[in-house]
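Colleague: Pasting a structure here, questions to come.
The values are calculated or read from the model by the stated rules, or taken from the named source; none is laboratory data. On a predicted model such as this, the values are computed, not experimentally measured, just so you know. Ideal geometry is used to build each Cβ from the backbone, glycine not excepted, and the neighbour counts take in all protein chains shown. Side chains included, ligands, DNA and RNA excluded: accessible areas come from the protein's heavy atoms. Shrake-Rupley method; radii C 1.70, N 1.55, O 1.52, S 1.80 Å.
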Amino acid sequence: MSQIKLETYAKNTWCPGCGNFAILNAIKMALGELNAEGVPLENIVLVSGIGCHAKIVDYLNVSSFYSLHGRVVPVAEGIKLANSGVKVVGFAGDGNAYGEGIEHLIFAAKRNIDITMIIHNNRVYGLTTGQYTPTSPLGFKGRSTPGGTSELPINPLELMLSSGASFLARGTSRHIELLKDIFKEAILHKGFSLVDVLQVCFTYYNMYEYYDKRVYELKEHNPEDRNQALNKIREWDYNSDSPIASGVLYKKELPTFEERFLTKKTKIADSDSKINEFLKASI
Ligand code: SF4
Ligand code: MG
């Protein structure tokens, strides 16, 4: 096990009991193990957005970029395209990723760009004291909906699957070892990977007991079988009281955006040099 130090001097300001601590511990363990297995930490870049989740990059001694609300994905994509040798891990809240930034997420999945997105899905806007988000259940009572929401939540994993994501997983802030394994697999996956973490907001939406009763770890599941993946993804719609699967739901090896894009660039460069040769010969 590597002895690298991932801690920083920043004071942690999350509320006691917040599920973000579990995500921080799991990603620390994952990065430590990846480093020990030969992935240099200098080759990893983290990106975060705006919200309670975003502070995670302050607590990790790894290169990082604080982006804007809803804009984690384009920044992560830009970093990857500028230097395809780095592994880019984006952190975003559910409001960030599934609300304001949903269009970026859909197109990143469609392109199969090789980045990893970790979603701190507490199903509430925590930093702004408890408004409903795209994954809050029907009837959720928060600051902006004291009488309860009138909207059904989206199932972000089903949306990501239909958009073309090549790796989809779900974890919770209760099972750190499993979360660490999922993070490692997602980061090592070649292509667009997304981990939806059911991260409990202890202060504004304490779901520990609810998830303890329903979450189970996937066994005997073939993530390469799209139909199996879809069935497991549809088992819980973020609104019902059905069992909630945790683990790698879908995984497929597909060409990445960078591979296609760079090949195309080389072809254009080749044809440019042929045109130049022709022009020179014609003068
Ligand atoms: Fe965590 Fe919620 Fe507190 Fe934010 S408001 S730090 S998500 S418990
Ligand atoms: Mg949130």
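Colleague: Taking E7 as the residue in question, decide whether it is among the acidic types (D, E) and over 24 Å from R111 (Cβ atoms).
Modeller: yes
Colleague: Need pairs with beta-carbon distance below 7 Å; first residue in contact (Cβ under 8 Å) with a residue 60 or more places away in the chain and within the range 180-203, second among the acidic types (D, E) and open to solvent by 30 Å² or more (accessible area, probe 1.4 Å); sequence gap 6+ or separate chains.
Modeller: Note: pairs meeting the criteria are K184/E33; K190/E253.
Colleague: Residues being touching a residue at least 40 places away in the same chain (Cβ under 8 Å) and open to solvent by less than 40 Å² (accessible area, probe 1.4 Å): count how many of those fall in the range 68-87.
Modeller: Qualifying residue count, the range 68-87: 5.
Colleague: Let me ask you something else. Count, please, the residues in the range 182-212 that happen to be closer than 17 Å to G19 by Cα and away from ligand 1 (no atom under 16 Å from the Cβ).
Modeller: Summing the residues that are closer than 17 Å to G19 by Cα and away from ligand 1 (no atom under 16 Å from the Cβ) in the range 182-212 gives 4.
Colleague: Going by the conditions given, is R123 at pLDDT below 95 and either within 16 Å of ligand 2 (Cβ to nearest atom) or not charged (D, E, K, R) (or both)?
Modeller: Spelling it out, it is not the case that R123 is at pLDDT below 95 and either within 16 Å of ligand 2 (Cβ to nearest atom) or not charged (D, E, K, R) (or both).
Colleague: Where in the range 191-270 are there strands (runs of 3 or more DSSP E), lying wholly inside it, with at least 1 residues that are more than 30 Å from V47 (Cβ to Cβ) and either within 16 Å of ligand 2 (Cβ to nearest atom) or at pLDDT 95 or above (or both)?
Modeller: So the answer is 215-217.
Colleague: Also, I was wondering about something else. Collect the residues in the range 55-67 that are of a type in the set (A, V, I, L, M, F, W, C) and within 16 Å of ligand 2 (Cβ to nearest atom), keeping them in residue-number order.
Modeller: Selection gives I56 alone.
Yes/no matrix, rows are residues, columns are (1) modelled with pLDDT under 95; (2) farther than 25 Å from F21 by Cβ; (3) within 12 Å of ligand 2 (Cβ to nearest atom):
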site	(1), (2), (3)
K87	no, no, no
G139	no, yes, no
R143	yes, no, no
G147	no, yes, no
N155	no, yes, no
S162	no, yes, no
R170	no, no, no
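Colleague: Find the residue count for the range 39-54, including only residues that are away from ligand 2 (no atom under 13 Å from the Cβ) and open to solvent by 10 Å² or more (accessible area, probe 1.4 Å).
Modeller: 6
Colleague: Test R111 against the criterion of being within 9 Å of ligand 2 (Cβ to nearest atom) and either farther than 23 Å from K251 by Cβ or open to solvent by 50 Å² or more (accessible area, probe 1.4 Å) (or both), and give yes or no.
Modeller: no
Colleague: If you check every pair at least six apart or on different chains, which have Cβ atoms under 6 Å apart with a residue in the range 103-123 that is within 16 Å of L188 (Cα to Cα) first and a residue that is within 16 Å of ligand 1 (Cβ to nearest atom) second?
Modeller: From the range 103-123, the pairs are I118/F91.
Colleague: On the basis of being closer than 23 Å to G38 by Cα and either within 16 Å of ligand 2 (Cβ to nearest atom) or acidic (D, E) (or both), does L188 make the cut?
Modeller: Taking the combined requirement at face value, the residue does not satisfy it.
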